[in-house]
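The values are calculated or read from the model by the stated rules, or taken from the named source; none is laboratory data. Given the structure is predicted, the values throughout are model-derived calculations rather than measurements. Note that each Cβ is placed from the backbone with ideal geometry, even for glycine, and that neighbours are counted across all protein chains shown. Surface areas here come from the heavy atoms of the whole protein model, side chains and all, with no ligands, DNA or RNA. Shrake-Rupley method; radii C 1.70, N 1.55, O 1.52, S 1.80 Å.
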Amino acid sequence: MLHFPAPNSFTGEDVLELQGHGGQVVLEMVLQRCLELGARLAEPGEFTRRAFFNEKLDLVQAEAVADLIEASTAQAARSALRSLSGEFSRAVHGLVKGLIELRMLIEASLDFPEEELDAGEILRSSNAANRLAQLRADLAEIRVRARHGSLLRNGLAVVLTGPPNVGKSSLLNRLAGEERAIVTDMAGTTRDAIRETIQIEGIPLHIIDTAGLRQPGDLVEKLGIERTWREIETADVIVQMVDARIGLTPEDEEIAGRFPAGQRLRRVVVHNKCDLGNLPAGRRDQDGQVHLLLSALTGAGVELLRKELLNIAGWQGHGEDSILARERHLGALAAADAHLAQAAVELARVELCAEELRLAQEAMNSITGEFTPDDLLGEIFSRFCIGK
Ligand SMILES: Nc1nc2c(ncn2[C@@H]2O[C@H](COP(=O)(O)OP(=O)(O)OP(=O)(O)O)[C@@H](O)[C@H]2O)c(=O)[nH]1
Ligand SMILES: [Mg+2]
(Lines give C-alpha, C1' and ligand atoms only; values in the text may rest on other atoms or scores of the structure.)
(Ligands and ions follow the chains in the order given, each with its own letter.)
Protein backbone atom coordinates (compact mmCIF):
# COMPACT_ATOMS: atom_id res chain seq x y z
CA MET A 1 0.00 0.00 0.00
CA LEU A 2 1.42 3.35 -1.05
CA HIS A 3 0.32 6.70 0.30
CA PHE A 4 0.76 9.79 -1.89
CA PRO A 5 -0.10 12.79 0.28
CA ALA A 6 -1.64 15.87 -1.35
CA PRO A 7 -0.54 17.91 -3.20
CA ASN A 8 2.24 15.70 -4.50
CA SER A 9 0.18 13.04 -6.21
CA PHE A 10 -0.84 12.90 -9.89
CA THR A 11 -4.29 14.35 -9.12
CA GLY A 12 -3.04 16.71 -6.43
CA GLU A 13 -5.28 14.94 -3.88
CA ASP A 14 -4.54 12.39 -1.16
CA VAL A 15 -4.11 9.07 -2.89
CA LEU A 16 -3.81 5.56 -1.55
CA GLU A 17 -2.51 3.01 -4.00
CA LEU A 18 -3.15 -0.68 -3.35
CA GLN A 19 -0.87 -3.15 -5.02
CA GLY A 20 -1.65 -6.83 -5.29
CA HIS A 21 -0.13 -9.91 -6.79
CA GLY A 22 -0.63 -10.27 -10.51
CA GLY A 23 -3.58 -12.18 -11.88
CA GLN A 24 -7.07 -11.17 -12.79
CA VAL A 25 -8.95 -12.99 -10.00
CA VAL A 26 -6.95 -11.66 -7.05
CA LEU A 27 -7.17 -8.09 -8.33
CA GLU A 28 -10.88 -8.41 -8.91
CA MET A 29 -11.36 -9.68 -5.34
CA VAL A 30 -9.40 -6.72 -3.96
CA LEU A 31 -11.48 -4.39 -6.13
CA GLN A 32 -14.72 -6.05 -5.01
CA ARG A 33 -13.79 -5.59 -1.35
CA CYS A 34 -12.99 -1.91 -1.90
CA LEU A 35 -16.37 -1.40 -3.55
CA GLU A 36 -18.11 -3.11 -0.64
CA LEU A 37 -16.34 -0.74 1.73
CA GLY A 38 -17.77 2.27 -0.07
CA ALA A 39 -15.32 3.05 -2.86
CA ARG A 40 -16.58 3.50 -6.40
CA LEU A 41 -15.00 2.96 -9.82
CA ALA A 42 -13.44 5.98 -11.46
CA GLU A 43 -15.18 7.45 -14.47
CA PRO A 44 -13.36 7.66 -17.79
CA GLY A 45 -10.63 10.28 -17.53
CA GLU A 46 -11.49 11.07 -13.90
CA PHE A 47 -7.92 11.02 -12.59
CA THR A 48 -6.77 13.33 -15.35
CA ARG A 49 -9.81 15.58 -14.88
CA ARG A 50 -9.03 15.93 -11.20
CA ALA A 51 -5.40 16.70 -12.04
CA PHE A 52 -6.64 19.41 -14.41
CA PHE A 53 -9.01 21.00 -11.88
CA ASN A 54 -6.29 20.90 -9.21
CA GLU A 55 -4.00 22.68 -11.69
CA LYS A 56 -1.47 19.87 -11.89
CA LEU A 57 -1.92 19.80 -15.66
CA ASP A 58 -3.36 22.22 -18.17
CA LEU A 59 -5.83 21.07 -20.79
CA VAL A 60 -3.24 20.40 -23.49
CA GLN A 61 -1.28 18.22 -21.09
CA ALA A 62 -4.42 16.38 -20.02
CA GLU A 63 -5.27 15.65 -23.63
CA ALA A 64 -1.70 14.50 -24.19
CA VAL A 65 -2.22 11.78 -21.56
CA ALA A 66 -4.99 10.29 -23.71
CA ASP A 67 -3.00 10.80 -26.89
CA LEU A 68 0.03 9.08 -25.42
CA ILE A 69 -2.08 6.04 -24.58
CA GLU A 70 -3.67 5.99 -28.03
CA ALA A 71 -0.52 6.79 -30.02
CA SER A 72 -0.19 4.39 -32.92
CA THR A 73 3.42 5.10 -33.83
CA ALA A 74 6.60 5.81 -31.83
CA GLN A 75 6.78 9.29 -33.40
CA ALA A 76 3.23 10.09 -32.31
CA ALA A 77 4.04 8.86 -28.79
CA ARG A 78 7.13 11.09 -28.62
CA SER A 79 5.08 14.01 -29.84
CA ALA A 80 2.41 13.37 -27.17
CA LEU A 81 5.13 13.19 -24.54
CA ARG A 82 6.41 16.58 -25.64
CA SER A 83 2.91 18.03 -25.17
CA LEU A 84 2.60 16.31 -21.80
CA SER A 85 5.89 17.82 -20.66
CA GLY A 86 4.43 21.22 -21.48
CA GLU A 87 6.15 22.08 -24.75
CA PHE A 88 2.95 22.96 -26.59
CA SER A 89 1.63 24.85 -23.54
CA ARG A 90 4.85 26.88 -23.36
CA ALA A 91 4.56 27.81 -27.03
CA VAL A 92 0.96 28.91 -26.44
CA HIS A 93 1.87 30.85 -23.28
CA GLY A 94 4.75 32.58 -25.08
CA LEU A 95 2.35 33.81 -27.73
CA VAL A 96 -0.29 34.84 -25.19
CA LYS A 97 2.34 36.82 -23.26
CA GLY A 98 3.23 38.75 -26.42
CA LEU A 99 -0.45 39.31 -27.10
CA ILE A 100 -1.06 40.67 -23.61
CA GLU A 101 1.84 43.11 -23.95
CA LEU A 102 0.51 44.36 -27.24
CA ARG A 103 -3.02 44.63 -25.87
CA MET A 104 -1.74 46.68 -22.94
CA LEU A 105 -0.07 49.13 -25.29
CA ILE A 106 -3.08 49.44 -27.51
CA GLU A 107 -5.58 49.71 -24.72
CA ALA A 108 -3.39 52.29 -23.00
CA SER A 109 -3.64 54.44 -26.09
CA LEU A 110 -7.43 54.09 -25.81
CA ASP A 111 -7.43 55.18 -22.19
CA PHE A 112 -5.83 58.55 -22.78
CA PRO A 113 -7.57 60.00 -25.78
CA GLU A 114 -7.30 63.62 -24.65
CA GLU A 115 -3.66 63.49 -23.62
CA GLU A 116 -1.01 65.25 -25.61
CA LEU A 117 0.07 62.12 -27.34
CA ASP A 118 -2.52 60.92 -29.75
CA ALA A 119 -3.25 57.21 -30.14
CA GLY A 120 -1.42 56.99 -33.45
CA GLU A 121 1.71 58.42 -31.89
CA ILE A 122 1.69 55.87 -29.07
CA LEU A 123 1.24 53.03 -31.53
CA ARG A 124 4.04 54.27 -33.77
CA SER A 125 6.50 54.80 -30.97
CA SER A 126 5.73 51.43 -29.44
CA ASN A 127 6.25 49.63 -32.71
CA ALA A 128 2.81 48.06 -32.55
CA ALA A 129 2.80 47.04 -36.21
CA ASN A 130 6.13 45.22 -35.88
CA ARG A 131 5.07 43.48 -32.72
CA LEU A 132 1.90 42.32 -34.37
CA ALA A 133 3.82 41.04 -37.39
CA GLN A 134 6.15 39.10 -35.05
CA LEU A 135 3.19 37.54 -33.25
CA ARG A 136 1.72 36.43 -36.55
CA ALA A 137 5.04 34.87 -37.59
CA ASP A 138 5.28 33.02 -34.25
CA LEU A 139 1.73 31.77 -34.63
CA ALA A 140 2.42 30.60 -38.20
CA GLU A 141 5.32 28.52 -36.90
CA ILE A 142 3.19 26.93 -34.18
CA ARG A 143 0.55 26.11 -36.79
CA VAL A 144 3.05 24.26 -39.00
CA ARG A 145 4.24 22.22 -36.02
CA ALA A 146 0.65 21.51 -35.02
CA ARG A 147 -0.32 20.41 -38.53
CA HIS A 148 2.59 17.97 -38.55
CA GLY A 149 1.49 16.66 -35.19
CA SER A 150 -2.08 16.28 -36.30
CA LEU A 151 -0.82 14.17 -39.16
CA LEU A 152 1.14 11.99 -36.72
CA ARG A 153 -1.96 11.60 -34.61
CA ASN A 154 -4.59 10.95 -37.25
CA GLY A 155 -2.64 9.83 -40.29
CA LEU A 156 -4.14 9.74 -43.75
CA ALA A 157 -6.88 7.52 -45.12
CA VAL A 158 -5.74 6.16 -48.47
CA VAL A 159 -8.30 4.26 -50.53
CA LEU A 160 -7.19 1.91 -53.32
CA THR A 161 -9.80 1.84 -56.10
CA GLY A 162 -10.01 0.56 -59.65
CA PRO A 163 -11.55 -2.13 -61.80
CA PRO A 164 -11.44 -5.76 -60.64
CA ASN A 165 -8.15 -7.59 -61.08
CA VAL A 166 -6.08 -4.44 -61.53
CA GLY A 167 -3.96 -5.36 -58.48
CA LYS A 168 -5.44 -3.38 -55.57
CA SER A 169 -5.06 -6.19 -53.05
CA SER A 170 -1.57 -6.94 -54.37
CA LEU A 171 -0.61 -3.31 -53.77
CA LEU A 172 -2.04 -3.37 -50.24
CA ASN A 173 0.01 -6.49 -49.49
CA ARG A 174 3.10 -4.91 -50.99
CA LEU A 175 2.71 -1.74 -48.90
CA ALA A 176 1.94 -3.72 -45.75
CA GLY A 177 4.82 -6.11 -46.35
CA GLU A 178 2.59 -9.11 -45.67
CA GLU A 179 -0.22 -11.08 -47.26
CA ARG A 180 -3.14 -9.22 -45.78
CA ALA A 181 -5.67 -9.49 -48.60
CA ILE A 182 -6.49 -12.47 -50.77
CA VAL A 183 -5.08 -12.15 -54.27
CA THR A 184 -6.32 -14.31 -57.13
CA ASP A 185 -6.55 -13.93 -60.87
CA MET A 186 -10.33 -13.99 -60.58
CA ALA A 187 -12.04 -10.65 -61.07
CA GLY A 188 -14.17 -9.72 -58.05
CA THR A 189 -11.98 -11.41 -55.39
CA THR A 190 -12.24 -8.64 -52.79
CA ARG A 191 -15.80 -8.22 -51.55
CA ASP A 192 -15.42 -6.22 -48.35
CA ALA A 193 -13.16 -3.26 -47.61
CA ILE A 194 -9.93 -4.36 -45.89
CA ARG A 195 -7.96 -1.90 -43.79
CA GLU A 196 -4.35 -2.01 -42.86
CA THR A 197 -2.42 0.69 -41.07
CA ILE A 198 1.16 1.06 -42.20
CA GLN A 199 3.77 3.64 -41.28
CA ILE A 200 5.86 5.74 -43.56
CA GLU A 201 8.44 7.81 -41.65
CA GLY A 202 6.27 7.45 -38.56
CA ILE A 203 3.08 8.69 -40.22
CA PRO A 204 0.18 6.27 -39.92
CA LEU A 205 -1.39 5.59 -43.31
CA HIS A 206 -4.69 3.77 -43.18
CA ILE A 207 -4.73 1.87 -46.46
CA ILE A 208 -8.14 0.61 -47.52
CA ASP A 209 -8.42 -2.07 -50.19
CA THR A 210 -11.84 -2.13 -51.78
CA ALA A 211 -14.04 -4.21 -54.05
CA GLY A 212 -13.31 -3.46 -57.72
CA LEU A 213 -15.69 -0.99 -59.28
CA ARG A 214 -17.74 -2.57 -62.08
CA GLN A 215 -21.30 -3.74 -62.75
CA PRO A 216 -21.80 -6.09 -59.78
CA GLY A 217 -22.23 -9.78 -60.49
CA ASP A 218 -24.22 -10.60 -57.35
CA LEU A 219 -25.65 -9.05 -54.20
CA VAL A 220 -22.47 -9.45 -52.11
CA GLU A 221 -20.42 -7.70 -54.76
CA LYS A 222 -23.05 -4.98 -55.03
CA LEU A 223 -22.86 -4.33 -51.28
CA GLY A 224 -19.04 -4.37 -51.49
CA ILE A 225 -19.11 -1.74 -54.23
CA GLU A 226 -21.46 0.44 -52.20
CA ARG A 227 -18.97 0.18 -49.38
CA THR A 228 -16.18 1.21 -51.73
CA TRP A 229 -18.06 4.42 -52.46
CA ARG A 230 -18.56 5.09 -48.76
CA GLU A 231 -14.81 4.73 -48.19
CA ILE A 232 -14.16 7.14 -51.04
CA GLU A 233 -16.41 9.73 -49.37
CA THR A 234 -14.22 9.89 -46.28
CA ALA A 235 -10.79 9.34 -47.85
CA ASP A 236 -7.92 11.84 -47.85
CA VAL A 237 -6.24 10.28 -50.85
CA ILE A 238 -7.61 8.10 -53.63
CA VAL A 239 -5.18 5.84 -55.43
CA GLN A 240 -6.97 5.12 -58.68
CA MET A 241 -5.43 2.03 -60.24
CA VAL A 242 -5.40 1.22 -63.92
CA ASP A 243 -3.63 -1.39 -66.02
CA ALA A 244 -0.34 0.05 -67.28
CA ARG A 245 -0.83 -1.63 -70.64
CA ILE A 246 -4.18 0.08 -71.14
CA GLY A 247 -3.89 3.37 -69.27
CA LEU A 248 -6.82 5.51 -68.16
CA THR A 249 -9.98 4.59 -70.03
CA PRO A 250 -13.02 6.85 -70.51
CA GLU A 251 -14.74 4.60 -67.96
CA ASP A 252 -12.01 5.34 -65.37
CA GLU A 253 -12.39 9.05 -66.09
CA GLU A 254 -16.13 8.76 -65.65
CA ILE A 255 -15.61 7.10 -62.25
CA ALA A 256 -13.08 9.77 -61.23
CA GLY A 257 -15.71 12.37 -62.17
CA ARG A 258 -17.89 10.93 -59.41
CA PHE A 259 -15.23 11.33 -56.70
CA PRO A 260 -16.23 14.03 -54.20
CA ALA A 261 -15.11 17.45 -55.43
CA GLY A 262 -13.03 19.69 -53.22
CA GLN A 263 -9.56 20.64 -52.13
CA ARG A 264 -9.20 18.04 -49.46
CA LEU A 265 -9.38 14.85 -51.48
CA ARG A 266 -6.30 14.12 -53.57
CA ARG A 267 -6.05 11.62 -56.41
CA VAL A 268 -3.04 9.67 -57.64
CA VAL A 269 -3.33 7.51 -60.75
CA VAL A 270 -1.31 4.31 -60.45
CA HIS A 271 -0.57 2.37 -63.64
CA ASN A 272 0.03 -1.12 -62.27
CA LYS A 273 1.58 -4.23 -63.81
CA CYS A 274 4.28 -2.24 -65.58
CA ASP A 275 6.32 -5.49 -65.58
CA LEU A 276 3.88 -7.07 -68.03
CA GLY A 277 4.17 -4.22 -70.49
CA ASN A 278 7.95 -4.07 -70.05
CA LEU A 279 7.55 -0.45 -69.05
CA PRO A 280 10.01 1.23 -66.66
CA ALA A 281 8.66 2.36 -63.28
CA GLY A 282 8.35 6.13 -63.01
CA ARG A 283 6.41 9.26 -62.18
CA ARG A 284 4.95 11.91 -64.42
CA ASP A 285 2.95 15.01 -63.76
CA GLN A 286 0.35 15.59 -66.43
CA ASP A 287 -1.70 18.79 -66.21
CA GLY A 288 -1.37 18.76 -62.43
CA GLN A 289 -2.38 15.09 -62.14
CA VAL A 290 0.29 12.73 -60.83
CA HIS A 291 0.65 9.39 -62.63
CA LEU A 292 2.88 6.62 -61.24
CA LEU A 293 3.99 3.56 -63.15
CA LEU A 294 4.75 0.58 -60.92
CA SER A 295 4.40 -3.11 -60.33
CA ALA A 296 2.72 -4.40 -57.19
CA LEU A 297 4.04 -7.84 -58.09
CA THR A 298 7.76 -7.05 -58.41
CA GLY A 299 7.73 -3.99 -56.15
CA ALA A 300 9.28 -1.76 -58.81
CA GLY A 301 8.18 1.84 -58.34
CA VAL A 302 6.33 1.23 -55.06
CA GLU A 303 8.85 3.51 -53.35
CA LEU A 304 7.61 6.33 -55.61
CA LEU A 305 4.11 5.80 -54.26
CA ARG A 306 5.34 5.95 -50.66
CA LYS A 307 7.10 9.24 -51.45
CA GLU A 308 4.04 10.60 -53.19
CA LEU A 309 1.83 9.82 -50.20
CA LEU A 310 4.22 11.66 -47.88
CA ASN A 311 4.24 14.54 -50.29
CA ILE A 312 0.47 14.73 -50.34
CA ALA A 313 0.41 14.61 -46.56
CA GLY A 314 2.51 17.79 -46.61
CA TRP A 315 5.21 16.10 -44.59
CA GLN A 316 8.45 18.03 -44.52
CA GLY A 317 11.33 16.90 -42.40
CA HIS A 318 11.51 14.55 -39.51
CA GLY A 319 8.75 15.74 -37.22
CA GLU A 320 10.97 16.02 -34.16
CA ASP A 321 9.45 19.36 -33.21
CA SER A 322 5.89 18.53 -34.14
CA ILE A 323 3.10 19.21 -31.67
CA LEU A 324 0.52 16.48 -31.29
CA ALA A 325 -2.44 18.69 -32.07
CA ARG A 326 -6.09 17.77 -32.11
CA GLU A 327 -8.76 19.22 -34.39
CA ARG A 328 -9.79 21.44 -31.49
CA HIS A 329 -6.29 22.92 -31.27
CA LEU A 330 -6.00 23.43 -35.02
CA GLY A 331 -9.37 25.21 -34.99
CA ALA A 332 -8.32 27.51 -32.14
CA LEU A 333 -4.98 28.31 -33.81
CA ALA A 334 -6.80 29.10 -37.06
CA ALA A 335 -9.26 31.35 -35.22
CA ALA A 336 -6.42 33.18 -33.45
CA ASP A 337 -4.69 33.64 -36.80
CA ALA A 338 -7.83 35.10 -38.39
CA HIS A 339 -8.22 37.57 -35.50
CA LEU A 340 -4.56 38.64 -35.73
CA ALA A 341 -4.93 39.16 -39.47
CA GLN A 342 -7.99 41.31 -38.82
CA ALA A 343 -6.17 43.19 -36.06
CA ALA A 344 -3.46 44.09 -38.59
CA VAL A 345 -6.10 45.45 -40.96
CA GLU A 346 -7.68 47.51 -38.16
CA LEU A 347 -4.45 48.80 -36.68
CA ALA A 348 -5.45 52.40 -37.36
CA ARG A 349 -8.86 51.95 -35.75
CA VAL A 350 -7.60 51.28 -32.30
CA GLU A 351 -10.81 50.08 -30.71
CA LEU A 352 -11.49 47.48 -33.35
CA CYS A 353 -7.90 46.35 -33.24
CA ALA A 354 -8.03 45.94 -29.45
CA GLU A 355 -11.15 43.80 -29.78
CA GLU A 356 -9.54 41.52 -32.38
CA LEU A 357 -6.51 41.05 -30.15
CA ARG A 358 -8.78 40.16 -27.25
CA LEU A 359 -10.53 37.54 -29.36
CA ALA A 360 -7.18 36.14 -30.53
CA GLN A 361 -6.10 35.76 -26.92
CA GLU A 362 -9.36 34.07 -26.03
CA ALA A 363 -8.83 31.53 -28.83
CA MET A 364 -5.28 30.81 -27.65
CA ASN A 365 -6.40 30.48 -24.03
CA SER A 366 -9.03 27.93 -25.00
CA ILE A 367 -6.20 25.59 -26.02
CA THR A 368 -4.67 25.39 -22.56
CA GLY A 369 -8.07 25.49 -20.88
CA GLU A 370 -7.90 28.93 -19.32
CA PHE A 371 -10.99 29.84 -21.25
CA THR A 372 -12.92 26.70 -22.08
CA PRO A 373 -16.64 26.20 -21.54
CA ASP A 374 -17.63 23.48 -19.08
CA ASP A 375 -19.49 21.40 -21.65
CA LEU A 376 -16.37 21.20 -23.80
CA LEU A 377 -14.34 20.07 -20.79
CA GLY A 378 -16.92 17.35 -20.10
CA GLU A 379 -16.68 16.23 -23.70
CA ILE A 380 -12.88 16.05 -23.64
CA PHE A 381 -12.65 13.99 -20.45
CA SER A 382 -15.48 11.65 -21.36
CA ARG A 383 -13.40 10.35 -24.28
CA PHE A 384 -10.69 9.02 -21.97
CA CYS A 385 -10.51 5.37 -21.12
CA ILE A 386 -11.44 4.28 -17.62
CA GLY A 387 -8.74 4.42 -14.99
CA LYS A 388 -6.78 7.33 -16.46
N1 LIG B 1 2.35 -9.29 -63.52
C2 LIG B 1 1.71 -8.66 -62.56
N3 LIG B 1 0.62 -9.21 -62.02
C4 LIG B 1 -0.03 -8.55 -61.03
C5 LIG B 1 0.44 -7.29 -60.55
N6 LIG B 1 -0.40 -6.87 -59.58
C7 LIG B 1 -1.32 -7.84 -59.44
N8 LIG B 1 -1.11 -8.83 -60.31
C9 LIG B 1 -1.92 -10.06 -60.51
O10 LIG B 1 -3.23 -9.67 -60.92
C11 LIG B 1 -4.22 -10.53 -60.35
C12 LIG B 1 -5.25 -9.74 -59.59
O13 LIG B 1 -4.64 -9.13 -58.46
P14 LIG B 1 -5.46 -8.63 -57.19
O15 LIG B 1 -4.48 -7.95 -56.32
O16 LIG B 1 -6.26 -9.72 -56.63
O17 LIG B 1 -6.41 -7.58 -57.89
P18 LIG B 1 -7.62 -6.75 -57.24
O19 LIG B 1 -7.60 -5.41 -57.89
O20 LIG B 1 -7.53 -6.77 -55.75
O21 LIG B 1 -8.88 -7.56 -57.74
P22 LIG B 1 -10.35 -7.62 -57.09
O23 LIG B 1 -10.25 -7.86 -55.65
O24 LIG B 1 -10.95 -8.76 -57.82
O25 LIG B 1 -11.03 -6.32 -57.42
C26 LIG B 1 -3.44 -11.52 -59.49
O27 LIG B 1 -3.23 -12.70 -60.25
C28 LIG B 1 -2.13 -10.82 -59.22
O29 LIG B 1 -1.05 -11.71 -58.99
C30 LIG B 1 1.61 -6.72 -61.18
O31 LIG B 1 2.09 -5.63 -60.84
N32 LIG B 1 2.19 -7.46 -62.16
MG1 LIG C 1 -8.78 -7.43 -54.35
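Might you let me know whether region 139-158 holds any residue that is buried (at least 22 other Cβ atoms within 10 Å of the Cβ), at pLDDT 85 or above and within 16 Å of ligand 1 (Cβ to nearest atom)?
Yes, region 139-158 contains at least one residue that is buried (at least 22 other Cβ atoms within 10 Å of the Cβ), at pLDDT 85 or above and within 16 Å of ligand 1 (Cβ to nearest atom).
Of the residues ARG191, ARG214, ARG230, which single one is away from ligand 2 (no atom under 13 Å from the Cβ), of a type in the set (Lys, Arg) and either over 30 Å from GLU327 (Cβ atoms) or surrounded by fewer than 16 Cβ atoms within 10 Å (Cβ to Cβ) (or both)?
Of ARG191, ARG214, ARG230, the one residue that is away from ligand 2 (no atom under 13 Å from the Cβ), of a type in the set (Lys, Arg) and either over 30 Å from GLU327 (Cβ atoms) or surrounded by fewer than 16 Cβ atoms within 10 Å (Cβ to Cβ) (or both) is ARG230.
What residue, among those in region 162-179 that are under 26 Å from the mean Cα position of the chain (by Cα) and without any contact (Cβ under 8 Å) to a residue 60 or more places away in the chain, is nearest to ligand 1 (Cβ to nearest atom)?
Top of the filtered list is LEU172.
Do you know which residues across region 195-217 are of a type in the set (A, V, I, L, M, F, W, C), within 14 Å of ligand 1 (Cβ to nearest atom) and modelled with pLDDT of 85 or more?
ILE207, ILE208 - these are the residues of region 195-217 that are of a type in the set (A, V, I, L, M, F, W, C), within 14 Å of ligand 1 (Cβ to nearest atom) and modelled with pLDDT of 85 or more.
With respect to the numbered conditions (1) over 23 Å from THR184 (Cβ atoms); (2) modelled with pLDDT of 85 or more, which one is the sole condition not fulfilled by LEU305?
The single condition LEU305 does not satisfy is (1).
Counting only residues that are open to solvent by less than 20 Å² (accessible area, probe 1.4 Å) and either away from ligand 2 (no atom under 13 Å from the Cβ) or small (Gly, Ala, Ser) (or both), how many does region 160-188 have?
6
Can you find a residue that is buried (at least 16 other Cβ atoms within 10 Å of the Cβ), of a type in the set (D, E, K, R), modelled with pLDDT of 90 or more and within 16 Å of ligand 2 (Cβ to nearest atom) anywhere in region 218-227?
So far as region 218-227 goes, no, none of its residues is buried (at least 16 other Cβ atoms within 10 Å of the Cβ), of a type in the set (D, E, K, R), modelled with pLDDT of 90 or more and within 16 Å of ligand 2 (Cβ to nearest atom).
Being closer than 18 Å to LEU151 by Cα, open to solvent by 70 Å² or more (accessible area, probe 1.4 Å) and among the basic types (Lys, Arg), is that true of even one residue in region 37-57?
no
Which numbered condition in (1) modelled with pLDDT of 90 or more; (2) surrounded by fewer than 16 Cβ atoms within 10 Å (Cβ to Cβ) is the only one that VAL15 fails?
Of the numbered conditions (1) modelled with pLDDT of 90 or more; (2) surrounded by fewer than 16 Cβ atoms within 10 Å (Cβ to Cβ), the odd one out for VAL15 is (2).
Could you check region 259-292 and list, in sequence order, the residues that are surrounded by fewer than 11 Cβ atoms within 10 Å (Cβ to Cβ), free of Cβ contacts under 8 Å to residues at least 24 places away in the same chain and not polar (S, T, N, Q)?
ALA261, GLY262, PRO280, ASP285, ASP287, GLY288
Of the conditions (1) open to solvent by 50 Å² or more (accessible area, probe 1.4 Å); (2) at pLDDT below 90; (3) within 10 Å of ligand 1 (Cβ to nearest atom), LEU297 clears all except one; give me its number.
Among (1) open to solvent by 50 Å² or more (accessible area, probe 1.4 Å); (2) at pLDDT below 90; (3) within 10 Å of ligand 1 (Cβ to nearest atom), the lone unmet condition for LEU297 is (2).
I'd like to verify a number: residues in region 174-232 that are in contact with a Pro (Cβ under 6 Å, 6 or more places away or on another chain) and of a type in the set (Ser, Thr, Tyr), how many?
Result for region 174-232: 1.
Consider VAL345 against the criteria (1) within 20 Å of the chain's Cα centre (by Cα); (2) modelled with pLDDT of 90 or more; (3) open to solvent by 20 Å² or more (accessible area, probe 1.4 Å): it satisfies all of them except one. Which criterion is unmet?
Here VAL345 clears every test but (1).
When region 213-249 is examined, which residues are found to be under 26 Å from PRO280 (Cβ atoms) and free of Cβ contacts under 8 Å to residues at least 60 places away in the same chain?
Listed by number, the residues that qualify are ALA244, ARG245, ILE246, GLY247, LEU248, THR249.
Looking only at residues in region 240-254 that are more than 16 Å from ASN278 (Cα to Cα) and open to solvent by less than 20 Å² (accessible area, probe 1.4 Å), which one is farthest from the chain's Cα centre (by Cα)?
Taking the candidates together, the pick is ASP252.
Taking region 17-55 as the region of interest, how many residues are in contact (Cβ under 8 Å) with a residue 12 or more places away in the chain, closer than 18 Å to GLY369 by Cβ and hydrophobic (A, V, I, L, M, F, W, C)?
3
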